[in-house]
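Note sheet for the following structure.
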Amino acid sequence: MRKTVIAAALGAAAALPGLANAQTTAPQSPHTLTGNMAIVSDYRFRGISQTFVQPAIQGGIDYSHASGFYVGNWNSSVSGLSYPSGAGIEMDFYGGFKKAFGDFTFDIGLLQYYYPKAVTPVGNEKFDTLEGYLAVSWKWLTAKYSSTLTDYFGVNSNSTGTTNGDSKGSGYLDLTASYEVAPKLTLVGHYGMQTVKNYKPLEYNDWKLGVSYDMNGWVLGAAYVGTDADSAIYVLNGKETGKDTVVLSVGKTF
């Protein structure tokens with residue numbers, strides 16, 4: 001008799017919509033926190049080496065909410081030749097709102113580039129830069145435009161010795177395609193156009209063609225990166241920082 005009563009009670013519970021699942025499945029949290037780390041053979045920012053064509057170690061942390069709001073921090077070692085008098089690190093702080101509507105995703109936000117104590121060789125201007133950005137993605141295609149709300153990495157009359165003025169309003173257009181050609185194997189193509197307000201000689205285009213492979217959570221990457229940057233301007237101690245190269249990387253998100 002006892003077994004019959006128990007069986008009937010279990011059957012009644014199972015018949016109630018969602019009751020059985022509510023007892024075994026915890027509500028999904030609207031909060032997501034992730035971290036990432038990577039080692040690269042050369043840190044290329046918009047095609048230009050930030051590490052004197054040497055390796056870099058990178059990592060960051062991201063928080064996102066189910067509503068679409070997110071904030072994060074990302075860091076990389078950089079060359080003291082590129083960012084003199086500083087701590088040899090780039091720290092990025094960002095926040096924004098990202099939302100998907102069918103196959104389309106919209107992303108808007110702010111990004112602060114911070115180089116502790118680093119200043120330009122002439123004028124002692126800070127390299128720190130604030131950008132606003134807007135991106136639109138469709139499936140595996142993304143178009144993103146960024147515009148500086150401050151001087152472009154310290155470029156102004158003080159740091160250049162010219163009368164050109166500031167460089168606020170400099171822009172970067174990023175066109176990227178990322179397509180999974182086989183399970184865990186992704187092909188990436190990119191083309192970018194950098195404009196620098198009042199300093200046209202600094203402007204250039206960059207491109208990248210690469211592949212990445214997810215090996216049990218570790219992502220291996222290889223990419224051919226190049227620019228048409230003026231080699232007479234983008235040079236450090238005889239090295240062309242915008243010269244075409246192959247960048248290798250290994251990273252993990254956790």
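Looking at this model, which pairs from K144/K243; K98/K200; K98/K184; K98/K243; K184/K239; K197/K252 are more than 31 angstrom apart at the alpha-carbon? Can you show the working numbers first?
On the way: K144/K243 24 Å; K98/K200 33 Å; K98/K184 25 Å; K98/K243 34 Å; K184/K239 36 Å; K197/K252 37 Å.
Long pairs (Cα-Cα over 31 Å): K98/K200; K98/K243; K184/K239; K197/K252.
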For segment 201-241: relative contact order, % (alpha-carbon pairs under 8 angstrom, 6 or more apart): 40
Using all alpha carbons of segment 147-254, what is the percent of pairwise distances in each 5 Å bin, ordered from the shortest bin to the longest? 2, 11, 15, 17, 16, 13, 11, 8, 4, 2, 0
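If we count every other residue with Cβ under 13 angstrom of L173's Cβ, Lys/Arg +1 and Asp/Glu -1, where does the sum land?
Details: positive: R46, K144; negative: E131, D174, E203, D206.
Result for the neighbourhood of L173: -2.
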Hull volume in cubic angstrom per residue (convex hull over the Cα atoms of the chain): 155
How large is ³J(HN,Hα), in whole Hz, for each residue of segment 136-147 in order, when computed from phi with the Karplus curve 6.51 cos²θ - 1.76 cosθ + 1.60 and θ = phi - 60°, using x for Gly and Pro? 10, 10, 10, 6, 9, 10, 9, 10, 9, 10, 10, 9
Run the dipole for the chain about the Cα centre, Lys and Arg Cβ at +1, Asp and Glu Cβ at -1, nothing else charged, and hand back the magnitude in debye, nearest 20. 900
Can you give the three extents of the C-alpha atoms in segment 54-119 along their principal axes, from longest to shortest, in whole Å? 46, 22, 17
Positive-end residue of T176, W218, A232, charge dipole of the chain with Cβ unit charges: W218
Lys and Arg at +1, Asp and Glu at -1: add these up for the other residues within a Cβ distance under 14 Å of D228 and post the number. -1
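Restricting to Cα pairs below 8 Å that are 6+ residues apart, what does the relative contact order work out to for the chain? Please round to a whole percent.
On the way: 610 pairs, mean separation 35.0, N = 254.
The normalised contact order for the chain reaches 14 percent.
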Calculated [θ] (222 nm, deg cm²/dmol) that DSSP helices of n ≥ 4 give over the chain, each run adding -39,500 (n - 2.57): -2500 deg cm²/dmol
Starting from the 7 Å offset along Cα-to-Cβ, what nm value, one decimal, do you get for the label separation of K184 and V136? 3.6
Quick one: net charge of F69's neighbours, Cβ under 14 Å, K/R +1, D/E -1? 0
How big is the equivalent ellipsoid of segment 81-128 along its three axes, where each semi-axis is √(5λ) from the Cα gyration tensor, reported in whole Å from largest to smallest? 34, 9, 8
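Quick note: the coordinates plus some simple rules give every number you see, no bench work behind them. Owing to the predicted nature of the structure, the values given are computational and were not obtained by experimental measurement. Cβ: placed from backbone, ideal geometry, glycine included. Neighbour counts: every protein chain shown.
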